[in-house]
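The values are calculated or read from the model by the stated rules, or taken from the named source; none is laboratory data. Note that the structure is predicted; figures quoted are calculated from it, not measured. Cβ sites come from the backbone with ideal geometry, for glycine too, and all protein chains shown count toward neighbours. Areas reflect the complete protein model, heavy atoms only, side chains present, ligands, DNA and RNA absent. Shrake-Rupley method; radii C 1.70, N 1.55, O 1.52, S 1.80 Å.
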Amino acid sequence: MSNDIQKELRFEFGANWQSYLDHNLSPERIDQARLHLLSFIGREDLLGLRILDIGSGSGIHSMAAFQAGAAEIVSFDYDAESVMATKRLHAMCQSPENWRIMQGSVLDPEFMNSLGKFDLVYAWGVLHHTGAVWSAIDLASTCVKPGGLMYIALYDSDWSAESPEFWCDIKQRYTASSAMVRKIYEAWYVARFVLRYNPFRLGHLLKHAREYKKNRGMDFYHDVKDWLGGWPMEYTRIYDVIPFLLARKMKLLRTKVGEANTEYLFSLQDVQQGLTQFQALLLPHELEWKVVSIREPEELHALDMTCPVYIYGAGKGGQLVRRLFESKGFIVTSFITTQQPGTHDGLKVLSLEQFIEISDENAQVVIASAYFDAISLNLAERGIMHFYNAYPYVMGHLNE
């Protein structure tokens, strides 16, 4: 598509959220949204806290913050219909004065500066849809008060078997299509990525859709449309997001991968006493990761065939990556694991401490685990910055 068409395209996020409120909103879903929010930030309530909800969408998480006892909530969205959706929930709560709703852009420095500082800045699955993700992250961070929290979720390219270019193309095509063609895209997505073209997985699909409300109170079908149509969109990686915010005097408290969105909890400087149960990770102030992602076998050219390979993760992912590397002539020396060391499938399994004791300057560490965020942080805490993340490859071959 031409650059002009790309700039004009924008998915109707607000219309999708209005439909969600019409057909799926329930007390149970609101409870799930509240529990997810509180669980991730490590609190039982939000009493006394000032909350900023960036890109409020349906408004369900602003409503969850209100029900959790927040002292003040400020919600805004760029999309006018999303603002209307949030106002619907505001009205359902008897239009409380301590919950303000407005239309605005996170990319507008003057607007962001006018909002003031907050105990918690919340932006889940939002900032990558602005068309300028790094500016959006930067400006969102300016609204965190010293000692306050920043809870964001961003699409992570390392949690995808397909390349960022693949999904960006799909999103643009879906957004530019008619309602009928969009239905075809939605059916294709379910068939390929949920059913895996296997009709015997229909029961899995029905169960997945039924239980989907446990995922932040969302709805499966509306999230499928949101995923396919989420344009504009930019991918990020933990290896870029974390250093970017550390450089802005933020401290990382926790991460969570496991969906297309990776969740992050940061604090500005030292977290206020009692604001969360989490403590900052012991990371270098200037984190300079040099991590190469491996999605296709051809990308192994980034490694040196004459140097030993250590695969971090001895499960199914580790076995897949081992077979790949050995088929290409690499020497796989051992597995590394956070579990019990020993021997697995004829290969020695080392703990991280045992691997570090080896002090092999030529060692090439390749992550093959779904917990690549925690593993990467463990490596960084020990000064290991250059390694490879083969989990994108694992994602594409685990079900073969």
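Go through the residues of region 128-144 one by one and say whether even a single one is assigned to a strand (DSSP E or B) and over 15 Å from the mean Cα position of the chain (by Cα). Talk me through it step by step, then tell me what you get.
If we filter region 128-144 for residues that are assigned to a strand (DSSP E or B), which is where we start, we get 144.
Imposing the further condition that a residue be over 15 Å from the mean Cα position of the chain (by Cα) reduces the set to 144.
Within region 128-144 (the criterion being assigned to a strand (DSSP E or B) and over 15 Å from the mean Cα position of the chain (by Cα)), the answer is yes, since at least one residue qualifies.
Only residues that are farther than 18 Å from T236 by Cα and within 22 Å of the chain's Cα centre (by Cα): list them for region 100-117, please.
Of everything in region 100-117, just one residue is farther than 18 Å from T236 by Cα and within 22 Å of the chain's Cα centre (by Cα), namely S105.
Checking the condition of a type outside the set (G, A, S) and in contact with a Cys (Cβ under 6 Å, 6 or more places away or on another chain), which residue from L52, L47, L9, L38 passes?
Values: L47 fails: in contact with a Cys (Cβ under 6 Å, 6 or more places away or on another chain); L9 fails: in contact with a Cys (Cβ under 6 Å, 6 or more places away or on another chain); L38 fails: in contact with a Cys (Cβ under 6 Å, 6 or more places away or on another chain).
Of the residues listed, the single one that is of a type outside the set (G, A, S) and in contact with a Cys (Cβ under 6 Å, 6 or more places away or on another chain) is L52.
Looking only at region 276-317, count every residue that is closer than 17 Å to N378 by Cβ and among the hydrophobic types (A, V, I, L, M, F, W, C) and tell me the total.
10
Can you tell me which of L52, L21 is aliphatic (A, V, I, L, M), open to solvent by less than 10 Å² (accessible area, probe 1.4 Å) and within 25 Å of the chain's Cα centre (by Cα)?
Numbers: L21 fails: open to solvent by less than 10 Å² (accessible area, probe 1.4 Å).
L52 is the lone residue from the list that is aliphatic (A, V, I, L, M), open to solvent by less than 10 Å² (accessible area, probe 1.4 Å) and within 25 Å of the chain's Cα centre (by Cα).
Let's see how each residue does on (1) modelled with pLDDT of 95 or more; (2) in contact with a helix residue (DSSP H, G or I) (Cβ under 7 Å, 6 or more places away or on another chain):
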| site | (1), (2) |
| --- | --- |
| E8 | no, no |
| S39 | yes, no |
| G42 | yes, no |
| L46 | yes, yes |
| L52 | yes, yes |
| A70 | yes, no |
| D79 | yes, yes |
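Inside region 296-400, counting only strands (runs of 3 or more DSSP E) that do not spill past its ends, which hold 3 or more residues that are without any contact (Cβ under 8 Å) to a residue 40 or more places away in the chain and open to solvent by less than 60 Å² (accessible area, probe 1.4 Å)?
Working: elements: 309-312, 332-337, 342-344, 347-351, 364-367, 386-389.
In region 296-400, the matching strands (runs of 3 or more DSSP E) lie at 332-337, 347-351.
Read through the list (1) in contact with a strand residue (DSSP E or B) (Cβ under 9 Å, 6 or more places away or on another chain); (2) among the small types (G, A, S); (3) farther than 22 Å from S293 by Cα, then give the number of the only condition that A176 fails.
Every condition holds for A176 apart from (1).
Which one of these does F220 not meet: (1) in contact with a Leu (Cβ under 6 Å, 6 or more places away or on another chain); (2) over 17 Å from A15 (Cβ atoms); (3) not hydroxyl-bearing (S, T, Y)?
For F220, the exception is condition (1).
(1) open to solvent by 30 Å² or more (accessible area, probe 1.4 Å); (2) of a type in the set (A, V, I, L, M); (3) within 30 Å of I184 (Cβ to Cβ): which one isn't true of M233, the others all being true?
(1)
Just checking: which of the helices (runs of 4 or more DSSP H) contained wholly in region 9-123 hold 1 or more residues that are basic (K, R), touching a strand residue (DSSP E or B) at 6+ places or on another chain (Cβ under 6 Å) and over 23 Å from S141 (Cβ atoms)?
Correct list: 80-92.
Listed here are the residues, each with its yes/no results for (1) among the β-branched types (V, I, T); (2) at pLDDT below 95; (3) open to solvent by less than 60 Å² (accessible area, probe 1.4 Å); (4) farther than 28 Å from D373 by Cβ.
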| position | (1), (2), (3), (4) |
| --- | --- |
| C168 | no, no, yes, no |
| Y174 | no, no, yes, yes |
| R182 | no, no, yes, yes |
| A191 | no, no, yes, yes |
| P199 | no, yes, no, yes |
| L202 | no, yes, no, yes |
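Would you point out which residue out of S58, S39 is among the small types (G, A, S), within 17 Å of K214 (Cα to Cα) and surrounded by fewer than 21 Cβ atoms within 10 Å (Cβ to Cβ)?
Among S58, S39, only S39 is among the small types (G, A, S), within 17 Å of K214 (Cα to Cα) and surrounded by fewer than 21 Cβ atoms within 10 Å (Cβ to Cβ).
Among (1) open to solvent by 30 Å² or more (accessible area, probe 1.4 Å); (2) touching a helix residue (DSSP H, G or I) at 6+ places or on another chain (Cβ under 7 Å), where does E186 come up short?
E186 satisfies every listed condition except (1).
Given (1) in contact with a Lys or Arg (Cβ under 9 Å, 6 or more places away or on another chain); (2) open to solvent by less than 60 Å² (accessible area, probe 1.4 Å), where does T86 come up short, assuming only one miss?
Failed condition: (1).
Which members of region 185-216 meet the condition of being touching a Phe, Trp or Tyr at 6+ places or on another chain (Cβ under 7 Å) and farther than 19 Å from E259 by Cα?
Across region 185-216, the qualifying residue is only Y185.
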